[in-house]
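Single-structure report; data block below.
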Amino acid sequence: MQTVLVERYPTLGGVCLNVGCIPSKALLHIASVMEEAQHMGDSGVRFAAPSIDLDKLRLHKDKVVGTLTGGLAGMAKGRKVEVVQGVGQFVDPHHLEVALAGGGSKLIRFQKAIIAAGSQPIALPFMPNDDPRVVDSTGALELRQIPQRMLVVGGGIIGLEMASVSALGSRITVVELGSVLMPGADRDLVKVWEKKNAHRFDRILLNTGVVAAAASPEGIEVTYSNDEKESFDLVLVAVGRSPNGGKLAAEKAGVAVNERGFIPVDTQLRTNVAHIFAIGDIVGQPMLAHKGVHEAHVAAEAAHGSKRCFDALQIPSVAYTDPEIAWAGKTEEQCRAEGITYGKSVFPWAASGGERWPMAGPRASPS
């Protein structure tokens, strides 16, 4: 099929490749090597304290990203995909108007369309969001500074991943509105992570929210829901992502968008308009790149007339923390909540010779 790809940013690859799992993975590797070198002292090999050159670190991260985005551009060219840089909005069920990045506009007529406009970080309205010391996940990966004290607002996967890759020696406080860190993962896995990372944190505040914030020359002063105040050099806001369904003028094409900005689809990723499909973050959880890629394959084949459908029994999840945590299928907590009888097999870290990750209790190993 003759294909036109409308992309808002100068490079292809979306959140994962440009400002998500790929740059965070590159930086996580650096942080992990630093940590490993420090632990080698216990084995009798000592290295000098690391000296961090932020400019070179940024260049390394950007080179990793650039290699992959350049590869995607080459693939698009090789497959004769016309790439149009700009922001698109529907005009009617068969036309998209693109405000071009270089100025002007372009009207694109299509027979079939796939909406893959993704999501964006949720901003807290009371935060001084124009202050460079308040960042979201994208800002954290820019590595503008190494703060002495950093606050992570949100104890989910994104917040803890960013804490792992952007701290590089910072003291960290995490504030989480819920009762647990990394909800969705098995508790015994998270406990292993907590045990290993305990030395990084000044405080982990559960069942606590941030209700106000103010900027001063000394730092960002936040007020917690318990009325306590604290000041930080950097505040990372990681309270979730919101889909971009409401930004496409989808109603002009007749496409239904719910109040949260998600676009409902059927098992072929087809919207309520038969020739328009949607994939990725914009169709719902989990907001994972590998899930979006699989949906893209299904939608493209369905648009071509195939009877392919998306019927995933399990979607693996991963947290790019140190140590990394991965799981697939239902957790123990979900099984208990749904009354599902399950068996459990546990293998202890201590049985892996030379493994330095600590136990977090007798049942804290991967299952």
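The values are calculated or read from the model by the stated rules, or taken from the named source; none is laboratory data. These figures come from a predicted structure and were not determined experimentally. FYI the Cβ positions are ideal-geometry reconstructions off the backbone, even for glycines, and counts take in every protein chain you see. Heavy atoms of the whole protein, side chains included, go into the accessibility calculation; ligands, DNA and RNA do not. Shrake-Rupley method; radii C 1.70, N 1.55, O 1.52, S 1.80 Å.
Cβ-Cβ contacts under 6 Å between residues 6 or more apart (or on different chains), taken from a first residue in region 54-75 that is touching a residue at least 60 places away in the same chain (Cβ under 8 Å) to a second residue that is of a type in the set (A, V, I, L, M, F, W, C) and part of a helix (DSSP H, G or I), are listed as 61/26; 61/27. Candidates in region 136-152 are the residues that are in a strand (DSSP E or B) and touching a Lys or Arg at 6+ places or on another chain (Cβ under 8 Å); of these, the one that is least open to solvent (accessible area, probe 1.4 Å) is 150.
Count of region 339-361 residues, restricted to those that are modelled with pLDDT under 85 and loosely packed, with under 10 Cβ neighbours inside 10 Å, is 3. Only one of the numbered conditions (1) within 21 Å of the chain's Cα centre (by Cα); (2) buried (at least 16 other Cβ atoms within 10 Å of the Cβ); (3) under 22 Å from residue 289 (Cβ atoms) is violated by residue 248, and that is (1).
Pairing residues of region 149-173 that are farther than 14 Å from residue 234 by Cβ with residues that are of a type in the set (Phe, Trp, Tyr) and in a helix (DSSP H, G or I), at Cβ distances under 9 Å and at least 6 apart in sequence or on separate chains, gives 160/193. Residue count for region 232-277 satisfying the condition of being of a type in the set (D, E, K, R) and not in a loop (DSSP other than H, G, I, E, B): 5. Taken residue by residue, region 193-202 has at least one member that is touching a Pro at 6+ places or on another chain (Cβ under 7 Å) and open to solvent by 60 Å² or more (accessible area, probe 1.4 Å).
Among the residues of this structure, residue 329 counts as one that is touching a residue at least 12 places away in the same chain (Cβ under 8 Å), in contact with a Pro (Cβ under 9 Å, 6 or more places away or on another chain) and of a type outside the set (A, V, I, L, M).
Please tell me if residue 271 is hydroxyl-bearing (Ser, Thr, Tyr) and open to solvent by 20 Å² or more (accessible area, probe 1.4 Å).
no
The residues in region 281-293 that are of a type in the set (Val, Ile, Thr) and crowded, with 18+ Cβ neighbours inside 10 Å can be counted, and the count is 2.
Just for region 313-338: of the residues that are of a type in the set (Val, Ile, Thr) and assigned to a loop (DSSP other than H, G, I, E, B), which one is surrounded by the fewest Cβ atoms within 10 Å (Cβ to Cβ)? Across region 313-338, the extreme among qualifying residues is 315. The condition of being open to solvent by less than 40 Å² (accessible area, probe 1.4 Å) and in contact with a Lys or Arg (Cβ under 6 Å, 6 or more places away or on another chain) holds for only one of 303, 278, 296, that being 303. Scanning region 165-189 for residues that are assigned to a helix (DSSP H, G or I) and either open to solvent by 10 Å² or more (accessible area, probe 1.4 Å) or aliphatic (A, V, I, L, M) (or both) yields a count of 4.
Hey, among 265, 237, which residue is surrounded by 22 or more Cβ atoms within 10 Å (Cβ to Cβ) and touching a residue at least 60 places away in the same chain (Cβ under 8 Å)? Step by step, each of 265, 237 is checked, and only 237 is surrounded by 22 or more Cβ atoms within 10 Å (Cβ to Cβ) and touching a residue at least 60 places away in the same chain (Cβ under 8 Å).
Just to be sure, is residue 211 out of contact with any Cys (no Cβ under 8 Å at 6 or more places or on another chain), surrounded by fewer than 20 Cβ atoms within 10 Å (Cβ to Cβ) and assigned to a strand (DSSP E or B)? Taking the combined requirement at face value, the residue satisfies it. Considering only region 198-206, I want to know if a residue exists there that is out of contact with any strand residue (DSSP E or B) (no Cβ under 6 Å at 6 or more places or on another chain) and of a type in the set (Val, Ile, Thr). Looking for residues that are out of contact with any strand residue (DSSP E or B) (no Cβ under 6 Å at 6 or more places or on another chain) and of a type in the set (Val, Ile, Thr), one finds none in region 198-206, hence no.
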